[in-house]
Amino acid sequence: MKRSEHPSHPTRARFLAPALAPALAAVLGLSLLGACGGDDEPDAKKSASPSPSATAEPSASETALRDTDFGRPATGKTVKGKGYTYRMPKGWVKGTPLATDPSIDSVAEEADADDGFLDNITVAHQKAPAGSTLDELEASVASQLAKTVPDLDVQPRVVLDGVEALHYRGAAKVDSVRYFLEELVTIDDKGAITVITFSFSPELGATSRTKLVDSVLASWSWRATKAKAPKSSSSPSAKESTTPSS
């Protein structure tokens, strides 16, 4: 992967982005216990979605979402987590989840970092009340990420091995650590939230980031009983990932 010749991080740093799942589950729990539905729009760039029908029930063909085409899958070692598997990028290694964040289920990271920042992937789990929807979850994500990612870019939803997922990205900062975050969030009909977080050095270009993310997502599989696609106020068709401009 091509990086700057003058990295901004002079020392090797292992940094795992804070897991978003616990905060999201807490917000969902409060909203379903009787908090009023807000009219505020999250301060994030968001693509327009079609208006839902007030009475029409989705047909079987509409609810069977088509998987997003992410291209060629990664060829690295397989990561087996609770309810999922994926292939990490070639040359990457399995990391150890932080003891201080029990929601993180698995970690994959670079074997070494030539710019001092170990690019990494974390998968975290949390539980929300049964019946929570992806739309309710979406309403909470932007506010939860606002402090870490001030200029949050809300991407079109994707379908990951049959399960619809929210998709976010943006430049992030936690304390003195600057990095680029790309995150996908799913929730099933039992309220199980899965948060897939990619954390990259700010020196890594957009094209390389997108290629890596797409290869990992192309290899993703929900093991055992596949989570059912969550109910949504809209039924967007699967959109292929596009490469952002550098």
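The values are calculated or read from the model by the stated rules, or taken from the named source; none is laboratory data. These numbers were taken from a predicted model, which means no experiment stands behind them. Reconstructed Cβ throughout: ideal geometry from the backbone, glycine too, with neighbour counts over all protein chains shown.
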Query raised in the report: Out of the range 190-214, which residues are closer than 20 Å to ARG72 by Cα and small (Gly, Ala, Ser)?
Result: GLY205, ALA206, SER208
Requested in this report: Considering each of THR68, THR85 in turn, give the residue that is at pLDDT 95 or above, among the hydroxyl-bearing types (Ser, Thr, Tyr) and not in a strand (DSSP E or B).
Outcome: THR68
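Counting only residues that are among the aliphatic types (A, V, I, L, M) and in a helix (DSSP H, G or I), which one in the range 125-145 is surrounded by the fewest Cβ atoms within 10 Å (Cβ to Cβ)? Walk me through how you get there before you give the answer.
Keep residues of the range 125-145 that are among the aliphatic types (A, V, I, L, M), which gives 128, 130, 134, 137, 139, 141-142, 145.
If we keep only those that are in a helix (DSSP H, G or I) too, we end up with 134, 137, 139, 141-142, 145.
Details: LEU134: 23, LEU137: 22, ALA139: 18, VAL141: 22, ALA142: 20, LEU145: 23.
This residue is ALA139.
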Query raised in the report: Only one of (1) closer than 22 Å to PRO202 by Cβ; (2) under 17 Å from the mean Cα position of the chain (by Cα) fails for GLU110. Which number is that?
Result: (2)
Query - Yes/no for LEU212 being assigned to a helix (DSSP H, G or I), closer than 14 Å to VAL163 by Cα and modelled with pLDDT of 95 or more - result: no
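Among the candidates ASP105, ASP115, ASP101, which residue alone is touching a His at 6+ places or on another chain (Cβ under 6 Å) and part of a loop (DSSP other than H, G, I, E, B)? Spell out how you get there, then give the answer.
Numbers: ASP105 fails: part of a loop (DSSP other than H, G, I, E, B); ASP101 fails: touching a His at 6+ places or on another chain (Cβ under 6 Å).
That would be ASP115, the only listed residue that is touching a His at 6+ places or on another chain (Cβ under 6 Å) and part of a loop (DSSP other than H, G, I, E, B).
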Query raised in the report: Is at least one residue of the range 91-108 modelled with pLDDT under 90, out of contact with any strand residue (DSSP E or B) (no Cβ under 8 Å at 6 or more places or on another chain) and surrounded by 12 or more Cβ atoms within 10 Å (Cβ to Cβ)?
Result: yes
Requested in this report: Output the number of residues of the range 109-126 satisfying the condition of being among the charged types (D, E, K, R), modelled with pLDDT under 90 and more than 15 Å from SER208 (Cβ to Cβ).
Outcome: 1
Report summary line: Of the residues in the range 208-220, those that are within 15 Å of VAL158 (Cβ to Cβ) and of a type outside the set (A, V, I, L, M, F, W, C) number 4
Requested in this report: Report, by residue number, each residue of the range 194-208 that is over 16 Å from ALA142 (Cα atoms) and not hydroxyl-bearing (Ser, Thr, Tyr).
Outcome: PHE198, PHE200, PRO202, GLU203, LEU204, GLY205, ALA206
